[in-house]
1. With the contact rule set at Cα under 8 Å and sequence spacing of 6 or more, what percent relative contact order holds for the chain?
2. Net charge near SER66: determine it from the other residues with C-beta under 15 Å of the C-beta of SER66, scoring Lys and Arg +1 and Asp and Glu -1.
3. Assuming R0 = 22 Å, can you tell me the calculated FRET efficiency for the pair ASN197 and VAL101, based on Cβ-Cβ distance, to the nearest 0.05?
4. Assign unit charges at the C-beta atoms only (+1 for Lys and Arg, -1 for Asp and Glu), then state the dipole size of the chain relative to its Cα centre in Debye, rounded to the nearest 20.
5. Indicate, rounded to the nearest 5 percent, the antiparallel portion of the DSSP beta bridges found entirely in the chain.
6. Under a plain spin-label model, where a point goes 7 Å from the Cα along Cα-to-Cβ, how far apart in nm are ASN42 and ARG26?
7. Let's test the formula: R0 of 41 Å, r as the Cβ-Cβ distance of ALA69 and LYS2. What FRET efficiency results, to the nearest 0.05?
8. To check my understanding: the extent here is largest minus smallest coordinate of the Cα atoms along each principal axis. What are those three numbers for the chain, in Å, largest first?
Amino acid sequence: MKKIKLAVMVSGRGSNLQAIIDYVERGDLPAEIALVVSNRANAQAVERARRHGITSIVFERSDYPSRLARDLAMTAAIEDHGVDLVVMAGYDQLVADELLVRFAGQIINIHPSLLPAFAGGLHAQADAWEYGVKLAGCTVHFVTPGPADGGQIILQKAIPVLEEDTAETLAQRILAEEHKLLPEGIRLFAEGRLELNGRRVRIKPVGSDNLYSARELLV
Ligand code: GRF
């Protein structure tokens, strides 16, 4: 199968980036990471990319006259690398609609909650724990203009909240699931198996006839 080219957008620790790197290096994903994009120079994720010989570019907000100018520069860099899928893996800012429209149907995110619950925030796991939910989890979804984390849901994984959980242990167990769910979302995209129908994403069976890509159906 042809490998797709990924751009991975990061801001911090980069454990989800590391999971993708590990899948790619093991030959478990039909993908290559063409580019890592960070909005923070000191992100541990940038160091992970460097260690694995992956090109990374830092787009600090302070180097540009506006957030839009920064996001347009980011869009151009991703385009220049011939990217098929943009993966937000712990990117901690909203991005300009221009970037989302340019990569409509080709940009996904991992969020550490069962959406639409606990959308938007940076502490979804702790919010869920404090709220007292009995089921928590993570979601891989398309990123669209509009409310944060409001794009079409591709995959979700639920885990029980245990009596002995703290916000931290719950977050750790959700993270372990993220490291499997995000690569699985990338695989489904790479295999051309995601079909968008309004808010719903149909996962086509293996070997089905892939007449339309997600992007083609959106426009
Ligand atoms: C993850 O929990 C992800 O779901 C959220 O930000 C966190 C990033 O962690 N969007 P890491 O940088 O991948 O370790």
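1. Worked out over the chain, it gives 18 percent.
2. The answer is -2.
3. Using R0 = 22 Å, I get an efficiency of 0.65.
4. With Lys and Arg at +1 and Asp and Glu at -1, about 420 debye.
5. Of the beta bridges lying entirely in the chain, close to 45 percent run antiparallel.
6. For ASN42 paired with ARG26, the spin-label model returns 3.3 nm.
7. Computed FRET efficiency for ALA69 and LYS2 comes out at 0.75.
8. 49, 46, 36
Since every read-out is calculated from the coordinates, none of them should be taken as a lab result. Here the structure is a predicted model, which is why all the values come from computation and not from measurement. Cβ coordinates were reconstructed from backbone atoms using ideal geometry, including for glycine residues, and neighbour counts include every protein chain displayed.
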